[in-house]
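Asks: One structure, as structure tokens, below. Some questions next.
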Amino acid sequence: MRFYFIVLSLVFILFTIITSCKKSNDNSVYDCFPDAPDVRQITNEKATVKKADAEFFIVEQGSIDTKLNPCNLPAEFQVNNLEVTISGDVKQQTQLSICCVENFVITKITR
């Protein structure tokens with residue numbers, strides 16, 4: 001009887017560990033602009049991380065003057081002139097927004 005209790009306890013502990021480590025695929029977790037509708041989606045596009053003053057932004061390959069303002073750029077990607085591949089959602093701007101800068105929520109970024 002004691003053996004079954006130990007086995008059941010181990011199974012319960014393993015199940016708890018496995019389910020607690022499950023990552024969410026819900027992109028709303030990453031959405032820093034939840035009230036702004038998506039204007040377009042970017043999927044696996046080449047881009048470059050740029051730094052101006054103390055701010056980082058992303059420039060899509062082939063873009064001339066449009067900058068993406070990433071609200072959730074991980075620290076390890078905050079490197080000037082870093083070549084990356086990005087996926088994410090470009091958000092609709094407000095009336096008072098700055099020209100040529102689009103808010104961007106990163107859903108995936110790789111080197």
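Asks: Could you please give the count of residues in the stretch 43-68 that are modelled with pLDDT under 95 and either in contact with a Pro (Cβ under 9 Å, 6 or more places away or on another chain) or buried (at least 16 other Cβ atoms within 10 Å of the Cβ) (or both)?
Replies: The qualifying residues number 1.
Asks: Here's another thing I want to ask about it. Name the strands (runs of 3 or more DSSP E) wholly within the stretch 27-70 that hold at least 1 residues that are of a type in the set (Phe, Trp, Tyr) and closer than 20 Å to Thr94 by Cα?
Replies: 55-60
Asks: Here's a follow-up. Go through the stretch 71-93 and give me each residue that's more than 18 Å from Thr43 (Cβ to Cβ) and assigned to a helix (DSSP H, G or I).
Replies: Ala75, Glu76
The values are calculated or read from the model by the stated rules, or taken from the named source; none is laboratory data. Since the structure is predicted, the reported quantities are computational estimates derived from the model, not experimental observations. Counting neighbours? That spans all protein chains shown, and the Cβs are built from the backbone with ideal geometry, glycine included.
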